[in-house]
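**Q** Could you have a look at this structure, given as structure tokens, before my questions?
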């Protein structure tokens, strides 16, 4: 809250975490090359219920809210969605490949990026970073 005006202010985001759409799209392109997946379109738009989605035709859509998330969380969302171009479900192969690409930095479950944001499922996953 602004002490002078009493108005509510947006939560503070460290500059090293905030990126522009162009930088974010460059991150997605870099990961698509690294993962050797064909990406036809990248879209960044407001999304209320999930961090991203990916179609079988190579269209990846990401939430604008990712632009203000920490780099590690953005990376996981990007890799998660691009991995769906190789593996359409969240089975053992998907989880293994996710760990192979991200190593020990995996913080959200394999299903966490696709599930509703900010909500905790019964297995404790899909919690939005604080």
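Only the coordinates and a few stated rules stand behind these numbers; no lab work does. If you're wondering where the values come from, they're calculated on a predicted model, not measured in any experiment. Ideal geometry is used to build each Cβ from the backbone, glycine not excepted, and the neighbour counts take in all protein chains shown.
**Q** I want the antiparallel fraction of DSSP beta bridges within the range 21-105, as a percent rounded to 5.
**A** Values: 3 of 8 bridges.
So the antiparallel bridges in the range 21-105 amount to around 40 percent.
**Q** Starting from the Cα gyration tensor of the range 21-105, take the square roots of the eigenvalues, sort them a ≥ b ≥ c, and report rounded, prolate or oblate (rounded when a/c is under 1.5, otherwise prolate if a/b is larger than b/c, else oblate).
**A** Values: a/c = 1.45, a/b = 1.27, b/c = 1.14.
It comes out rounded by the Cα gyration axes.
**Q** Could you order the peptides 90-99, 54-63 from most to least packed, using the average number of other C-beta atoms within 10 Å per residue? Show your work: numbers first, answer last.
**A** Numbers: 90-99: 14.7, 54-63: 16.8.
Top to bottom by mean Cβ count within 10 Å: 54-63, 90-99.
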